[in-house]
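Q: Please find one structure pasted underneath; my questions will follow.
The values are calculated or read from the model by the stated rules, or taken from the named source; none is laboratory data. None of these values were measured; they are calculated from a predicted model. Because the Cβ atoms are built from the backbone with ideal geometry, glycine has one as well, and the counts that use them run over all protein chains shown.
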Amino acid sequence: MRSEKVVHLSSIAGPQVTSMAMCEEHGPYEATSHQVLSHTFRSPCPGCKAAQVAKNQAEDIKRQRVDLAYKLGDSLIPKRFKDKTFDSYAANCEGQQKAKARCERYAAEFEANLASGRCLILVGNPGTGKTHLGVSIAQAVMANSAHTAAYRTLGGILQAIRATFDGSSGQTEGSILDALIRPSLLVLDEVGASKEAPSDFELSRLFSIINGRYERMLPTIVISNLGAKELPAAMGERSADRLREGGGIVLPFDWSSHRGREGM
Ligand SMILES: [Zn+2]
């Protein structure tokens, strides 16, 4: 049994006093205050309190949205990418700062980009943080809206499609392509990564994805280590044309690699 002396606040607190207080933002309000020992406790401005509650709720909703998106579709964005956000992107040089700012803008203007089906193409040297920024856009879209976003590598998609050919994977090529065409935003990484010339198989599937999204006016972010001039040949001119329509933006990452320093 606990037998401890309980000191009630009321026994050491002074009487409650009502007085007018001033909030710089919301103006005068009626505050209640009481003295406990040498400290005065005063009730906060109701306007500030309500604003803080609303802010906490908005942040909770954002967090829940991202958590839910991860829970619902493990395959939409790999879990290991959950920490890749604009906040965690280290912009060490001017090129990186500009690229980050452009990607943040694309995410902030996502409603307009979605309405026009405007694509974004991140091209250039490996290790410059293209994947990080592409994933950051997808995360921002999920956090700030009810839109869906997915991230896949082209190699991973082709492998999943090949695995359907013997009928044992439990998926069909149609279901795989459909899952890539449905999300509001698709981030398609490692395009043009194969050393050899792309096969007809590769080119036709890539076109199915890009054209399928184009027909629904849904934006795609394409990421490639190739340069802007080499990419059209590597991905097929038809696919490249689709990306350009609707005012596609090409963002070159042409500074040298920072992979070592960033610890990516
Ligand atoms: Zn206030």
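Q: Tell me yes or no: at least one residue of region 162-171 is assigned to a helix (DSSP H, G or I) and more than 20 Å from F110 (Cβ to Cβ). Spell out the reasoning first.
A: Within region 162-171, the first condition is being assigned to a helix (DSSP H, G or I), and the residues that meet it are 162.
The next check asks that each one be more than 20 Å from F110 (Cβ to Cβ); those that pass are 162.
The answer is yes; a qualifying residue exists.
Every residue, every condition in (1) of a type in the set (V, I, T); (2) closer than 19 Å to L188 by Cβ; (3) out of contact with any strand residue (DSSP E or B) (no Cβ under 9 Å at 6 or more places or on another chain); (4) in a helix (DSSP H, G or I), yes or no:
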{"position": "A90", "(1), (2), (3), (4)": "no, no, yes, no"}
{"position": "A99", "(1), (2), (3), (4)": "no, yes, no, yes"}
{"position": "N113", "(1), (2), (3), (4)": "no, yes, no, yes"}
{"position": "R118", "(1), (2), (3), (4)": "no, yes, no, no"}
{"position": "L122", "(1), (2), (3), (4)": "no, yes, no, no"}
{"position": "H132", "(1), (2), (3), (4)": "no, yes, yes, yes"}
{"position": "S136", "(1), (2), (3), (4)": "no, yes, yes, yes"}
{"position": "I157", "(1), (2), (3), (4)": "yes, yes, no, yes"}
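Q: Quick test of your reading of the structure: F201 fulfils all but one of (1) crowded, with 16+ Cβ neighbours inside 10 Å; (2) farther than 23 Å from G117 by Cα. Name the failing condition by number.
A: Going through the list (1) crowded, with 16+ Cβ neighbours inside 10 Å; (2) farther than 23 Å from G117 by Cα, F201 breaks only (1).
Q: Select the strands (runs of 3 or more DSSP E) contained entirely in region 15-66, then report the ones holding at least 3 residues which are within 16 Å of the ligand (Cβ to nearest atom) and either free of Cβ contacts under 8 Å to residues at least 40 places away in the same chain or among the small types (G, A, S) (or both). Spell out how you get there, then give the answer.
A: Values: elements: 17-23, 27-36, 39-42.
Hits in region 15-66: 17-23, 27-36.
Q: Do you know which of the residues in region 16-26 that are under 43 Å from the mean Cα position of the chain (by Cα) and loosely packed, with under 10 Cβ neighbours inside 10 Å is nearest to C48 (Cα to Cα)? Lay out the reasoning, then the answer.
A: Initial filter on region 16-26 (under 43 Å from the mean Cα position of the chain (by Cα)): 21-26.
Still in the running and loosely packed, with under 10 Cβ neighbours inside 10 Å: 24-25.
Numbers: E24: 10, E25: 8 Å.
Filtering region 16-26 for residues that are under 43 Å from the mean Cα position of the chain (by Cα) and loosely packed, with under 10 Cβ neighbours inside 10 Å, the one nearest to C48 (Cα to Cα) comes out as E25.
Q: Additional query: On the given criteria, is T148 in contact with a helix residue (DSSP H, G or I) (Cβ under 9 Å, 6 or more places away or on another chain), under 21 Å from E215 (Cα atoms), modelled with pLDDT under 90 and not assigned by TED's automatic domain parsing to the domain that holds Q57?
A: Values: in contact with a helix residue (DSSP H, G or I) (Cβ under 9 Å, 6 or more places away or on another chain): yes; under 21 Å from E215 (Cα atoms): yes; modelled with pLDDT under 90: yes; not assigned by TED's automatic domain parsing to the domain that holds Q57: yes.
So T148 fits the description; yes.
Q: Could you say whether any residue in region 86-106 is in contact (Cβ under 8 Å) with a residue 12 or more places away in the chain, under 28 Å from I176 (Cα atoms) and surrounded by fewer than 17 Cβ atoms within 10 Å (Cβ to Cβ)?
A: Checked against the condition, which is being in contact (Cβ under 8 Å) with a residue 12 or more places away in the chain, under 28 Å from I176 (Cα atoms) and surrounded by fewer than 17 Cβ atoms within 10 Å (Cβ to Cβ), region 86-106 yields no hits at all.
Q: Moving to a separate point now. When residues of region 135-180 are filtered for being closer than 25 Å to F86 by Cα and among the β-branched types (V, I, T), how many remain?
A: Count: 5.
Q: Ok, one more. Please verify whether L133 is in contact (Cβ under 8 Å) with a residue 40 or more places away in the chain, buried (at least 20 other Cβ atoms within 10 Å of the Cβ) and among the hydrophobic types (A, V, I, L, M, F, W, C), treating the condition exactly as stated.
A: yes
Q: Now a separate question. Out of (1) modelled with pLDDT of 90 or more; (2) farther than 30 Å from H147 by Cβ; (3) in a loop (DSSP other than H, G, I, E, B); (4) of a type in the set (K, R), the odd one out for K84 is which?
A: Status for K84: all satisfied but (2).
Q: Look through region 117-132, keep the residues that are out of contact with any Leu (no Cβ under 7 Å at 6 or more places or on another chain) and at pLDDT 90 or above, and return whichever of them is nearest to R63 (Cα to Cα). Give the derivation first.
A: So in region 117-132, the residues out of contact with any Leu (no Cβ under 7 Å at 6 or more places or on another chain) come out as 118, 124-129, 131-132.
Then keep just the ones that are at pLDDT 90 or above; that gives 118, 124, 129, 131-132.
Values: R118: 27, G124: 32, G129: 24, T131: 22, H132: 19 Å.
Result: H132.
Q: Inside region 130-182, can you point out the residues that are within 28 Å of A90 (Cβ to Cβ) and of a type in the set (F, W, Y)?
A: Y151
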